[in-house]
Amino acid sequence: MAELDSQPKSIQSLYVWFAEGKLTVNRRYQRKLVWTLEEKQRLIESLMKRYPIPAVLLAEQPDGGYEIIDGLQRLHSIVSFIETGFVTLDGEHFDVAQFFTANERSAEGHFEKRDSGKLISKRDVGSILDYTLAVSIMRGADEEEINDVFGRINTYGHRLSDQERRQAGVQDQFSELVRELACVLRGDASSATLDLSKMPSISIDLPKTKHGYDVQADEVFWVIHGVLRSTDLRDSMDEQCIADIAACVVGGILLERSKDALDAVYERGSSENSRIATALNVYGVDALTDEIKYCIDEILKVASAGTASKLRDILFSKRTNNAFPAIFATLVIAFHEVLIGGKKKITDYAAVKTVITKLDNRIDTGRGSTTVVERRKNVDAVKGLLNNHVADSDLAGVYSNQSIADIDAAIRRSEIELPDYELKQGMLSLGPQRSMPSGFMTKIVRTICAIANNGPTHGGTLIIGVTDKPSDAVKIKALDGITPRRVGHRDVVGVRREMVILGETPEVYFSRWKNAIKNSALSTPLVESVLSSMSYHDYFGLGVIVISVPPQKALSFVGKDIFYRSADDTMLADDGLTIAGLAARFA
């Protein structure tokens, strides 16, 4: 049974916890950063005026840190203001020089001081740092108790959107599937638990807000193709769309498209909740996830056929800026029933693009289309359009293969989870010779070993065909005549350009990489697991190789040497203390 310890904490003390990495966020139930600039500014104004603000609830963790249960938006707004992330309503920045801990973090490169030319007074700095927040700490709470408390807090009133409230109210396989798949499709997938300082990296910046968050709404496929508006992402409408699709697919029957129908899926103990949970247990979370990602991939390939187009421009006969999650759900379900249920594959993407052009004239898009009967008519109409452009398939490309969304998510994760990811532009140098540098494959093998040694619960990924330097993308564009695809702060340049230089097919080129790993001195279990999960993806014609490093049960070696990751560097463990520390990870 958890104990509740209520104690006042100054903002200065909470910032020290933040600086020490003691404040964490659990993504299983916490939402993204969603406050507007004005909401943040009003909070800071309240602190300076000594107005009361709501209490913060934390859960003590075994490592001495604290998981934020309630108060995420407030806490992040406070530390962000201290680190000059935004100005007050009067246009003034926090004066970092007046706070030693923040000034030291800035000097160490943890954040860059912004200066609007106006700073709050020394008195206001003191008012903020000395402000005492009411903090309650749950001690000895288990995961179920924390989930229950969070769900209760966020079902009071109307603080969350309908879908956020559903996700907060229950933690089961279905809600986890929806959350994780949504993260991958948005491009903000990450570890389940994050340091508070990392929240901007997985939060969404809307076009008109510019908070400095890393996920740009207008770069997310939902918004690019017009399926949702950027503001819909803030309210988790993407998760609602995924939940609707997933429930229809796994349950075997279409749901009515309504709030009540989806509420029933999430209502713990209801007949509908039990039906979906039982069906998902039989179907398999991984299988359903792979299938939905595959169908969305196929829809995006259709949109890219010939001259790349936005789905919105393809599906509608008249220009519109309206979101269309209902039609998108119809497409995904229809593609699933034809491609997965019917064991088919698309033979002509351009032809499919033609037949779904002006789809709004062929299906019911009115209010009546939300009923089960009308949804079935719409899905069947789309299936009829697809049937002349598919052939039999063994579904080999569906399961456990990387989707476009998976690759994009991994590229974004590489920016914040440095030890688990490595990006390489390819195997050929960018100099005049365009040859493989000496020892290149040896470095790849050592990196695989190092990632495997992150621990028995950590996997990792190497992505070949992505630059980690903007200057390399510029060189490659000039040398090889390709247009890189921007993902976050990285550029996908692909490896197909190297196949052209080498005069090799994708199969031969891919074999170069596989053989280098197969014939290396890597530990046998690691070699086998890496080779079995290694894949090549066409990725918009650029070609990307994904080398997955599954979690290992024991320490891995290259011959007799042990390697490990230090941030994004691969290091040789050459002293007893380091080796002992690595071995302890697998004890």
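Per-structure values
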| quantity | calculated |
| --- | --- |
| Lys/Arg +1, Asp/Glu -1 at C-beta; the chain dipole; positive extreme among Pro506, Ala409, Tyr266 | Pro506 |
| Most positive-pole-ward Cα, Phe111, Ala19, Trp35, against dipole of segment 1-140 from beta carbon charges | Trp35 |
| Solvent-accessible surface (1.4 angstrom probe) belonging to Cys248, in square angstrom, nearest 10 | 10 |
| Rotationally averaged projected area of segment 311-371 (alpha carbon convex hull; nm²) | 4.7 |
| Cβ-placed point charges (K, R +1; D, E -1), dipole of segment 1-58 about Cα centre in debye, nearest 20 | 220 |
| Alpha-carbon Rg/Rh ratio, for the chain, with Rh computed the Kirkwood way | 0.97 |
| Helix runs (DSSP H) in the chain reaching 20 Å along axis by Cα, Kyte-Doolittle at least -0.5 | 237-251, 285-304, 372-386 |
| Entries in Lys49/Lys122; Lys424/Lys475; Lys198/Lys310; Lys477/Lys514; Lys32/Lys113 that, when Cα-Cα distance is taken, lie over 21 Å | Lys198/Lys310; Lys477/Lys514; Lys32/Lys113 |
| Placed amide H near Arg486: partners under 5 Å, 5+ positions off or other chain | Val492 |
| Distance cut-off 18 Å, percentage of C-alpha pairs in segment 352-486 lying past it | 72 |
| The chain, dipole about Cα centre (Lys/Arg Cβ +1, Asp/Glu Cβ -1), debye to the nearest 20 | 1540 |
| Exposure of Lys377 as accessible area (Å², to 10), given a probe of 1.4 Å and all protein chains | 120 |
| Net length gained if the chain between Lys210 and Asp5 were fully extended (0.36 nm per residue, minus Cα distance) | 70.0 nm |
| Assigned charges on the beta-carbon of Lys, Arg, Asp, Glu; segment 509-574 dipole about Cα centre (debye) | 240 |
| Solvent-accessible area of Leu57 with every protein chain in place, 1.4 Å probe, in Å² to the nearest 10 | 30 |
| Calculated on alpha-carbon atoms, Rg and Dmax of segment 1-127 in Å | 15.0, 52 |
| Anisotropy class of segment 186-333 from Cα gyration tensor, a/c 1.5 cut | oblate |
| Cross-link partners of Lys560 among aspartates and glutamates (Cα-Cα below 16 Å; sequence separation of 8 or more within a chain) | Asp574, Asp575 |
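The values are calculated or read from the model by the stated rules, or taken from the named source; none is laboratory data. From a predicted model like this one, the values you see are computed outputs, not experimental measurements. We place every Cβ from the backbone using ideal geometry, glycine too, and count neighbours over all the protein chains shown. The accessibility values were calculated without ligands, DNA or RNA, using every heavy atom of the protein model including side chains. Shrake-Rupley method; radii C 1.70, N 1.55, O 1.52, S 1.80 Å.
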